[in-house]
1. In nanometres, what is the gap between the two model label sites at residue 560 and residue 281, each 7 Å from Cα along Cα-to-Cβ?
2. For residue 124 and residue 180, what does the FRET efficiency come to when R0 = 25 Å and r is the distance between their Cβ atoms, rounded to the nearest 0.05?
3. So what's the Cα pair-distance distribution over region 291-384, bin width 10 Å, in %?
4. Compute the distance in nm between two label points, each set 7 Å from the Cα along the Cα-to-Cβ direction, one at residue 290 and one at residue 484.
5. Output the Kirkwood hydrodynamic radius of region 220-373, Cα pairs only, in Å rounded to one decimal.
6. Enter the per residue convex hull volume of region 53-121, computed from alpha-carbon coordinates, in Å³ rounded to the nearest integer.
7. What FRET efficiency comes out for the pair residue 189/residue 553, r = Cβ-Cβ distance, R0 = 25 Å, nearest 0.05?
8. Which aspartates and glutamates, if any, have their Cα less than 20 Å from the Cα of residue 200, not counting same-chain residues under 8 positions apart?
Amino acid sequence: MTQEIGGFAALDLHPNVLAAVIATGYEEPSAIQIQAIPVILAGHDMIGQAQTGTGKTAAFALPILSRIDPAKRQPQALILAPTRELALQVATAFETYAKQMPGVSVIAVYGGAPMGPQLKAIRNGAQIVVATPGRLVDHLRRDEKVLSTIQHLVLDEADEMLKLGFMDDLEVIFKAMPESRQSVLFSATLPHSIRAIAEKHLRDPKHVKIETKTQTVTAIEQVHLMVHADQKHAAVLRLLEVEEFDALIGFVRTKQATLDLAAALEAKGYKAAALNGDIAQNQRERVIDSLKDGRLDIVIATDVAARGLDVPRITHVMNVDMPYDPESYVHRIGRTGRAGRTGRALLLVTPRERRMLQVIERVTGQKVGEVKLPDAQQVLDARIKKLTNSLAPLVADAEASHGDLLDRLTAGIGCSPRALAAALLRKATNGQALTLAEVQRDQPLVPDAGSSAPRERSERSDRGGDRPEREGGRERRAPVPLSEGKARCRTALGARDGIAAKNLLGAILNEGGLVREDIGRIQVRESFSLVELPEEGLERLLGKLKDTRVGGKPLKLRRYRED
């Protein structure tokens, strides 16, 4: 067992939970995990103050799973999250860590999905319930005993829960659980309202606080790129085509990811290698030496394996996977821009990781600008530029030294100098695509994951798809069925205001704190637009959006009731 795995082993987790952690490839616990796991395992109530992205989900998931009894088919742990997005993330994490615990079941309970299957899963004995407060209260109205067997409660991002107005719902939920339960509260901040909850509902809680005092190096240019998780390898390959780097270090979360990505890069002709905690020290030293002297140009590493790495020729850092916390981000990008040099740091961000990007910007006090994925024309220009740079030094005295040979070859082959040069270029480039049409065929499609370009819909379909009909001089369209769990809202902004569906989508996602899946159909008409928003918490959402402007004009969304 490696030293890094020993870090988790030292936390006294259940053997099956520890095995699942090892299987994920995580190498060592984060600061919040080191402090919180022993407290929760000991059964204490706890207040944890930590930012999003510090690894706090595992900080409560691992010890709670270690205390769950798989033989008891009843709800034993309740995790409350402020949003559907976070609830799904937490539920997925629990499922991952419970993979080697037969009989343990996890259910996510949130608005916008049918209530029947959710309640049935709880009654059938799902031991872990991850829920949003509003939907859970709906279930309690149907069955007030649904939480009567809960032994562990976690309030995740409690400050966000209160900002969204869930205080009354929380009180209902507290009353529905046994007073003997263990209660754990996580919050980035501890305002008076959070302290009041702790004083009322927690018993002699232990306090755990993670400080994040970080500063980034101003000499490093920082940018991010929105990309879907399953398109990361394709995005990395596309970026490497256009980035002018001497040496690059790419960061991923797991050991297996270092091997997978390094192999993909090698297959494309890059001089790349993996660096992780399973690599022996002598081999690690060879990799670093090869990076220093130019035998390697790219190293794909985990955070632990890259600690102390100091290679002056590293010009680029690529965060292929989002770091767990802002401090890790600063450590990563600090591999470049050393000794007064400039550097460039790229961060790949999936739609679910937007909030972590905001945390990094807030903690570091620096904006991480957005760039778009290079298109086929940019890739072609970069390839030709590299070829030009490689050939330019050879041209100076080539005619004097090889002119006679050129004449002999063209005469012997029976071709023109242009044809011979083209053949030699083809050989020199190994048949690499060097026309726009070839590049378009050669490059994998990478959908834009930005808020303005939904992956699963075209702008045309967001607008409703059908052509408008005119009746009595007014625009008419066939009614569009309302999506399940959604409410239709109206804004006076329309096509005549220069508004497109993507403009409305981007504004609502950014200001409302939603993800793309929360928003249904968007229909842009000439003088107004219709948007489908989550029915649960609609009034709170409209309150958050009341000052939003699109194209410089007020959005002013309100519930739309059709006659």
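Rule-based calculations on the coordinates, nothing more; no lab input. Being a predicted model, the structure only gives us computed values, none of them experimental. For neighbour counting, all protein chains shown are included, and Cβ atoms are generated from backbone atoms with ideal geometry for every residue, glycine included.
1. Result: 6.7 nm between the two label points.
2. Working: r = 24 Å, r/R0 = 0.96.
The pair residue 124/residue 180 has a calculated efficiency of 0.55.
3. 13, 42, 33, 11, 0
4. The modelled label-to-label distance comes out at 5.2 nm.
5. Details: mean 1/r = 0.0648 Å⁻¹.
This gives a value of 15.4 Å.
6. On the way: hull volume 6.2 nm³, N = 69.
Output value, Cα hull per residue: 89 Å³.
7. On the way: r = 33 Å, r/R0 = 1.34.
E between residue 189 and residue 553, to the nearest 0.05, is 0.15.
8. Cross-link targets: 45, 156, 157, 159, 160, 168, 169, 171, 179.
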